[in-house]
Amino acid sequence: MSFTVKINGSTHSVDVDGDTPLLWVLRDVLGMTGTKFGCGMALCGACTVHIDGVATRSCITSIESLGKSQITTIEAIGETPAGAKIQKAWLDHEVVQCGYCQSGQIMSASALLASNPHPSNADIDDAMSGNICRCGTYVRIREAINLAAQTNEKGG
Amino acid sequence: MIPDRIAFRASDTNLSRRSFLGTSAAIGGGLILSLNLPLGQSKAANSDSFAPNAFIRIGSDGQVVLTMPYVEMGQGTYTSIPMLIAEELDVSLKQVRLEHAPPNEKLYANPLLGVQATGNSNAMRGAWKPLREAGATARMMLVAAAAKRWGVDAKSCRTQDGEVIHVPTGRRLKYGEVVAEAAHMPVPGNVTLKSPGDFKLIGTRAKRLDAPAKVNGTALYGIDARPAGVKIATLAQSPVFGGRVKSVDATGAKAVKGVRQIVRLDDAVAVVADHMGAAKKGLAALKIEWDDGQHAKLGTEEIARELEQATLGSGAVAQNIGDADKAMASATTKVEASYQVPFLAHATMEPMNCTVHFPKDECEIWLGNQAVARVQAMAAKEAGLPPEKVIVHNHLIGGGFGRRLEADGAVRAVQIAKHVDGPVKVVWTREEDIQHDMFRPYWFDRISAGLDDQGRPLAWKNRFAGSSVIARWLPPAFKDGLDPDSIEGAIDLVYDLPNLHVEFVRVEPPGIPTAFWRSVGPSHNVFVTESFIDELAAAAKQDAVAYRRALLDKSPRAKAVLDLAAEKAGWGQALPKGRGRGVSLQFAFGSWLAQVAEVEVSKEGAVRIRRVVCAMDCGTVVNPDTVQAQLQSGIIFGATAALYGEITLKNGRVEQTNFDTYQMLRMNEAPSIEVHIVKSSEPPGGMGETGTSAIVPAIANAIYAASGKRLRKMPVDASLLKQA
């Protein structure tokens, strides 16, 4: 069956079963490989995208459930103010190691910052604990989110 | 700047590399055939480039290309190794572009391993001298070429930012302008390396070169390979190791939209589809009957019992000092214990995957791997082709931790690709990735010590049993019942122990593949040794730091890190009830590390790691930010294992499946981590694994301090810590 999905401002038509997870439509059908596969059960957060601005695990989100929603992926998150701040903070604070989980981390952090410009440590825990990093970049992720939030304070 | 996808073909000698001087005669195969650098296009080798050795090529545009023998899996090698070249060559880091080295054990073997692999925390240790020498050699030849053109003495020239400068006249030549002549200069027999005082780049917090692509989704890992027309496959392998497929009913799977093909192998079934969603759905619809084979009843308890039994016999002597038996007999106090550590999965965030195109007369492979020459050799064997007919495209690695030192995934993908027209990407589900990992070995240790009337250890005896990964992976390194990895951390202890006897008994678990896992031998030995020395301190009724310190007169670097960690952690200062500090001290991977962990144990027995303070002496620090990052990383990795890591078997099957049953430490559980680095001008030590092995005993010792309970088996069992 054919579905129309809106991703990063563009409309795409895909012919897959309705229960196909968005993750595989992005990666395998549309070739947008920035969104990563980690567990397939919404346990690790590597596949996080924004659906109408809300951080969502694309590995368990069926294509038929999307309706007219706007999807944003790592490829375009830098075009949002929060996403750009998070990416900059990630670079300034040298967060990444192997980098594989970082698309998902950045998507979760961007959604957090967009909805909560000054998150507390508890807010960061709540928003980020669904994202696993095997390289253990948690300490720097927390610091980078705080750094990005400080730029909010400065009106940036 | 960073190569994500690079093709190479070992046998291809068509490309002219006439300017390979010095080592060029040894080259034979191993030439770059094609490049695909999405993050910055590199020019193919051309006739006017200058390549004084196997690592460096400088084009007439002045671009320095480093042929990188080590892979990037998060540990920062794609930044720290170029720093070595750039330092000695006097160019900025921005001028260096990377190409991944082709499979060529002769040219690109890690000098410390003897094979072309990135592991054992020794990329920097292996690269430190040869790559600086490579840079210095190139620099001297460029200077010689410029001096010759000017008709001046080379000694009157210096170099700076990619230029040769004639000091008396101020004349300058860019490197690119003299590459053609430099290629004909004699290769200097001896090169003088910069003294540490002259370092401009080494020792600085240079920014990671791979970071920009990793924050915007453009970095390409093996799993992102998409050769034209690629199909996606996923697989089910025999749930019992050594089992076989008995029957397959593919009716349901074939009816799934997007499923193209079912591939039946002896011990696995793969579903090939247009996308992974269809492949997974098809796999779920397959009805597979398995013949479980001889390991159908195997359980972890049986394996542990066998290892325990083995420690009652005798093993290969790893180290003997003095006469431990005699000293034991004269001891005032005797302390005995046994320790166990479990099988562990790697659970790299990028699940196992490999893409293969196998049009019979050659085989093309896309993956991310720590040992490309091994991949090429094993894939060639499976494909029935000579190695030079196997093209390997290596990628950035989404977590290695030793898992990607193995080529089992490539072999499996070749088996599947034999049956598929066109390229096929085989992607393991997380469940397959965990259940068919090659596991960190289970080890059982029997350890004892005899103390004198002052509580000092007179005698130390340790016999442990487990698998030797080296015996399978690098057979020549397993000699006389021993291999250097299995015993690291159990011998050559930092402590002054006058009578010591350590034995290893190799026992392979039936049917279960074992492999390297971040910090491997030390991941087990340091846990045992540092827990047991804590037991001795307790038996002697002495402070854990003071007890260790008194045994360190022959290990000044160990004493220095212990003192620093204790001071920074506030060792000895009071903590609230339910909290405790534990210390560990380690020499492993060529570096000294002390850690103090602070934990909280709840009434229910839940353990929370609050804070970790480290003091590190890893010799010369090439990039302090990388050292800090690797310690943070290693500590989280080890803490995850200490709190949660355990692979168990029941009826021959791995019981854990995904991150719900094989848990990872998460953001809300991550401790604060402080890293203090001891200044040193000694050669660099290894960094990637040290944090992992040292944190486990620090946590166990902190739990003891907090609760009075000594945990001798990992992972932490909260039920043992629950207050009655």
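Readers should treat all values here as calculations from the given coordinates under stated rules, not as data from a laboratory. What you see is a predicted model; the values in this text were computed from it and never measured. Every residue, glycine among them, receives a Cβ derived from its backbone with ideal geometry; neighbour counts consider all protein chains shown.
Summary table
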quantity	calculated
Chain B - share of DSSP beta bridges that are antiparallel (%, nearest 5)	75 percent
Cα-Cα pairs of region B:544-643 separated by more than 22 Å (percent)	34 percent
log10 of Debye I(q)/I(0), alpha-carbon scatterers only, for region B:213-341 at 0.17, 0.22 Å⁻¹	-0.97, -1.21
Label-point gap, in nm, between B:LYS287 and A:GLU64 - each point 7 angstrom along Cα→Cβ	2.4 nm
Anchor B:LYS603: aspartates and glutamates whose Cα lies under 19 Å away (excluding residues fewer than 8 positions away in-chain)	B:GLU669, B:ASP717
With 5 Å bins from 0: P(r) over region B:86-212, alpha-carbon pairs, percent	2, 9, 16, 20, 19, 16, 10, 5, 2, 0
For B:VAL245, distant residues with modelled amide H under 5 Å away	B:ASP267, B:ALA268, B:ASP291
Number of partner chain Cβ atoms within 10 Å, mean per residue of B:658-669	6
Cα Rg over Rh - region B:163-259, Kirkwood	1.30
Loop-located trypsin sites (Lys or Arg not before Pro) in region B:568-669, at most 15 other Cβ atoms within 10 Å (DSSP)	B:LYS577, B:LYS603
Length released on extending from B:ARG472 to B:THR332, taking residue separation times 0.36 nm less the Cα-Cα span	46.1 nm
Fraction of the pair-distance distribution of region A:2-72 above 17 Å, Cα-Cα pairs, percent	32 percent
Isotropic mean projected area of the C-alpha convex hull, region A:77-153 (nm²)	4.3 nm²
Inverse of mean 1/r across different Cα pairs in chain A, Kirkwood, Å	15.6 Å
Built amide H within the under 5 Å cut-off of B:GLU99, gap 5+	B:LEU66, B:THR67, B:MET68
Kirkwood Rh (inverse of mean 1/r, distinct Cα pairs), region B:276-386, angstrom	21.0 Å
Whole-Hz ³J(HN,Hα) from phi, Karplus 6.51 cos²θ - 1.76 cosθ + 1.60, for region A:70-82, glycine and proline x	9, 9, 10, 10, 4, 4, 10, 5, x, 7, 9, x, 5
Of B:LYS541/B:LYS713; B:LYS280/B:LYS418; B:LYS287/B:LYS418; A:LYS85/B:LYS679; B:LYS326/B:LYS559; A:LYS36/B:LYS280, those spanning more than 25 Å from alpha-carbon to alpha-carbon	A:LYS85/B:LYS679; B:LYS326/B:LYS559
Nearby aspartates and glutamates by direct alpha-carbon distance to B:LYS650 (threshold 14 angstrom, same-chain neighbours under 8 apart not counted)	B:ASP292, B:GLU301, B:GLU302
5 angstrom amide H check on B:ILE677, placed H, neighbours 5+ away	B:MET616
Exceeding the 26 Å Cα-Cα cut-off - candidates B:LYS334/B:LYS479; B:LYS207/B:LYS231; B:LYS231/B:LYS389; B:LYS155/B:LYS200	B:LYS334/B:LYS479; B:LYS207/B:LYS231
Principal axis dimensions, chain B - Cα atoms, whole angstrom, descending	81, 75, 47
Angstrom value of the Kirkwood radius, inverse mean 1/r, which spans all Cα pairs in the protein assembly as shown	28.5 Å
Derived scalar couplings ³J(HN,Hα) [region B:535-546; Karplus, 6.51 cos²θ - 1.76 cosθ + 1.60; whole Hz; x for Gly, Pro]	4, 5, 4, 5, 5, 8, 6, 10, 5, 5, 6, 4
